[in-house]
Amino acid sequence: MHNLIPLFIVIPLASAFLVPVIGRLIKGFSKIITLTAFLCLLLLSLNYIFLSDFSPIIYKIGGWEPVENIPIAIYLVLDSFSIFMLCIINVMAFLSALYSVSYIEKYTGINNFYTLLCIMVAGLNGIVLTGDLFNLYVFLEITVIASYALVAFGTEKEELEASFKYQVLGGIATAMILFSIGLIYWYTKTLNIADISEILQTSEDHRLIEFSQLMLIAGFGLKAAIMPFHGWLPDAHSSAPSPISAMLSGVVIKAAGLYVLFRLFFNMYVISFDIGVLITAIGTLSMVVGVFLAIGQWDLKRLLAYHSISQMGYVILGVGMGMLILAKNGNKTLAALAIGGGLFHLVNHAVFKGLLFLNAGAIEYTLGTRDLKKMGGLYSKMPVTSVTSLSASLAISGIPPFNGFFSKLIIILAAVQARFYLLAVLAVVVSIITLASFMKFQRYAFFNTSAPKKVIKEVPLSMTAVMIFMAVLCLGLSLLILPDIRDSFLGPAVNVLLDTTNYSTVILGN
Amino acid sequence: MSPIVKKVAQLMVGIIFMYGIYIIVHGHLTPGGGFAGGAVISGAFILLVLAFGSNVMNLKSREEGSSVVESVAILFFLLLAVLAFFIGTTIFFSNYLPKGNIGELISAGVIPLYNIAVGVEVAAALFTIFLALVIYKEEIST
């Protein structure tokens, strides 16, 4: 069972390069192989989340055993936090690929699309699994280079410009991350995250390490589009094909940005109060400013993209508060509540923002426009899209019984209990403004009487099926609030972040 | 291009190609390896296209060929890595072939095979990129 971990990288990579070879000869092969591969990954990750015994599984590539307790091999580490992220990635990847089956027909170069999608998923799985800092960088590059190409997939002027902007800013982020990794390697003489963690815990504070922390926050902040670094996101997410927007917004900014930030700052560095303040501050900033930027947008996908920035702010706020409490040696259950709220919102955001982007894609598919002013009256013409987007809108604005309500509630409760009253008030206010901007979306897209004159039909079955399934997930994920279910899915992932030094002792102990 | 350039290119290409192969197969013994050797090999192909030129249709078919070769090389690499999975050892990327004597050409187990796969992949990929740029320029000018 433990030997199956590399399959998370092997399967998507193999299907990615089978597509251009065999897809040339057989029409439709690319769709079948991609769906099969993603289904395998989905089953594999579900298997791990349901059957895991919550102890990390360590896989040494090439079978190189540590010499005198110094790790030599590149490690793949599958702990509860990784499993949690793997599930999000592979569920979203499968749903996006299924949605693309009809959606992508209007583009040319379908084989290239599926190749790039597979490469992106391989990179994401690698980021989440790897226990080696440089390997992390390599997988990060695999992911973002595939997403540069996917953003530019339409090859119109707007898409190319967005992709160019993304590449320039992404390149700066990459340079900062690589520089920071170099500094860490210089200081600790190792690249294994667990090994680095052990060295940093015993060594005294050093300016170099603080500098590398700031570089990493800037670098991964750019990948996660946290507020001062968000410039590329609205363009890139709105001009990509819709299933890719759902992947970028639902998965890529989380796995390539937030996951790495949390993993490195909790499990590699020694937790410090200053960094906790910084992370919480930028989280709050992006939560508040993101929503104000969103409410004035008339381009549907741009509006959703700005909301991604704002909702990522919630996640960072929750986890950042947990970090502050941990750094002050505060109440551990309170820290667990805050971090749990953040991670809960992370999975919820993946589902409802993914669904909203797919809805936007469905509207664009039939109407050919993303401008809210040119829509209207779609409620009767496209009932499935309308109902699913209503449920996603309610979820993102935090209306019970949808999942967004519960995660926001936990974050706000944690903020109040930890006496961060200002943050709690801001979180409530932002949620209300979010509701306002999604009422605007619903009003102009679906319930407006001035309907466009085009003949409109509901989108094909593969698209509606995915949207319905995700709407059900929006409701179903609320169950994560129940203590029993929370303890078996969310709890272990939170514990990984909570026991900050446990990661290195477990990995080096094996 | 003039006959002088064509003749010199013809004479040089074989040597450059051989040198690329030399770097690839000695990857586990000397500096260099798959990537460096692959870049040299693609240089030989690029030199031929530059010296002799070609019409766009011909280049397009060549580009398709080289991109297929590229994918096949990656699949071969992946197959080598995954084979370790199934042959007894059950460890991804393990070196399952006999290691041989240090310093000999045929030694170090699977590493030379990986180098060859990487070399073919890099040569094909760089050549594909070059052809894509040439085709783009031709299409713009016509």
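Quick look at the numbers
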{"read-out": "Among residues of the range B:90-108, those that are crowded, with 16+ Cβ neighbours inside 10 Å and within 12 Å of chain A (Cβ to nearest Cβ), counted", "value": "6"}
{"read-out": "B:Phe76 in contact with a helix residue (DSSP H, G or I) (Cβ under 8 Å, 6 or more places away or on another chain), within 14 Å of another protein chain (Cβ to nearest Cβ) and either assigned to a helix (DSSP H, G or I) or more than 25 Å from A:Ala14 (Cα to Cα) (or both)", "value": "yes"}
{"read-out": "Given (1) within 11 Å of chain B (Cβ to nearest Cβ); (2) among the β-branched types (Val, Ile, Thr); (3) free of Cβ contacts under 8 Å to residues at least 60 places away in the same chain, number of the condition A:Thr108 does not satisfy", "value": "(1)"}
{"read-out": "Residue pairs meeting the criteria (Cβ under 8 Å; at least 6 apart or on separate chains; first within 17 Å of A:Val315 (Cα to Cα), in the range A:418-435; second at pLDDT 90 or above and surrounded by fewer than 16 Cβ atoms within 10 Å (Cβ to Cβ))", "value": "A:Ala424/A:Val416"}
{"read-out": "Check on B:Leu113, in contact with a helix residue (DSSP H, G or I) (Cβ under 6 Å, 6 or more places away or on another chain), part of a helix (DSSP H, G or I), more than 12 Å from every other protein chain (Cβ to nearest Cβ) and without any contact (Cβ under 8 Å) to a residue 40 or more places away in the chain", "value": "yes"}
{"read-out": "Checking B:Ile102 against (1) outside any helix (DSSP H, G or I); (2) touching a Gly at 6+ places or on another chain (Cβ under 9 Å); (3) among the aliphatic types (A, V, I, L, M), the condition it does not meet", "value": "(2)"}
{"read-out": "Any chance A:Gly322 is buried (at least 24 other Cβ atoms within 10 Å of the Cβ), within 16 Å of A:Asp499 (Cα to Cα) and modelled with pLDDT of 90 or more", "value": "yes"}
{"read-out": "Failed item in (1) more than 14 Å from chain B (Cβ to nearest Cβ); (2) modelled with pLDDT of 90 or more; (3) buried (at least 17 other Cβ atoms within 10 Å of the Cβ), with A:Leu39 passing the rest", "value": "(3)"}
{"read-out": "Number of positions in the range A:135-189 that are under 18 Å from the mean Cα position of the chain (by Cα) and acidic (Asp, Glu)", "value": "1"}
{"read-out": "Qualifying residues in the range B:125-142 (those that are under 11 Å from B:Ile46 (Cα atoms) and among the aliphatic types (A, V, I, L, M)) - the one farthest from the chain's Cα centre (by Cα)", "value": "B:Val134"}
{"read-out": "Filter result (buried (at least 18 other Cβ atoms within 10 Å of the Cβ), without any contact (Cβ under 8 Å) to a residue 60 or more places away in the chain and outside any helix (DSSP H, G or I)) within the range B:9-41", "value": "B:Gly32"}
{"read-out": "Subset of the range A:325-368 [of a type in the set (Ser, Thr, Tyr) and in contact (Cβ under 8 Å) with a residue 12 or more places away in the chain]", "value": "A:Tyr365, A:Thr366"}
{"read-out": "Per-region count, the range A:349-384, residues β-branched (Val, Ile, Thr), buried (at least 24 other Cβ atoms within 10 Å of the Cβ) and within 17 Å of A:Trp298 (Cα to Cα)", "value": "1"}
{"read-out": "The lone exception for B:Phe52 - which of (1) away from every other protein chain (no Cβ under 14 Å); (2) under 24 Å from A:Ala16 (Cβ atoms) it fails", "value": "(2)"}
{"read-out": "The range A:71-124 - residue that is among the β-branched types (Val, Ile, Thr) and over 27 Å from A:Pro492 (Cα atoms) and, of those, farthest from the chain's Cα centre (by Cα)", "value": "A:Ile72"}
{"read-out": "Qualifying residue in the range A:149-167 (condition: surrounded by 23 or more Cβ atoms within 10 Å (Cβ to Cβ), among the small types (Gly, Ala, Ser) and closer than 21 Å to A:Leu86 by Cα)", "value": "no"}
{"read-out": "Residue within the range A:16-29 that is out of contact with any helix residue (DSSP H, G or I) (no Cβ under 8 Å at 6 or more places or on another chain), more than 11 Å from every other protein chain (Cβ to nearest Cβ) and small (Gly, Ala, Ser) present", "value": "yes"}
{"read-out": "Checking A:Phe229 against (1) surrounded by 24 or more Cβ atoms within 10 Å (Cβ to Cβ); (2) over 24 Å from A:Glu198 (Cα atoms); (3) at pLDDT below 90, the condition it does not meet", "value": "(1)"}
{"read-out": "Unmet criterion (only one of (1) modelled with pLDDT of 80 or more; (2) under 30 Å from A:Phe8 (Cβ atoms); (3) within 13 Å of chain A (Cβ to nearest Cβ)) for B:Gly65", "value": "(2)"}
{"read-out": "Filter result for the condition that a residue is surrounded by fewer than 20 Cβ atoms within 10 Å (Cβ to Cβ) and either within 13 Å of chain B (Cβ to nearest Cβ) or in contact with a strand residue (DSSP E or B) (Cβ under 8 Å, 6 or more places away or on another chain) (or both), over A:Ile32, A:Ile5, A:Ile74, A:Ile58", "value": "A:Ile74"}
{"read-out": "Given (1) more than 25 Å from A:Thr500 (Cα to Cα); (2) at pLDDT below 85; (3) part of a helix (DSSP H, G or I); (4) not aromatic (Phe, Trp, Tyr), number of the condition A:Lys27 does not satisfy", "value": "(3)"}
{"read-out": "Filter result for A:Pro228 (under 22 Å from A:Tyr314 (Cβ atoms) and out of contact with any helix residue (DSSP H, G or I) (no Cβ under 6 Å at 6 or more places or on another chain))", "value": "yes"}
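The values are calculated or read from the model by the stated rules, or taken from the named source; none is laboratory data. Please read all numbers here as calculations on a predicted model, not as lab measurements. Positions of Cβ are generated from backbone atoms using ideal geometry, with glycine treated the same way; all protein chains shown enter the neighbour counts.
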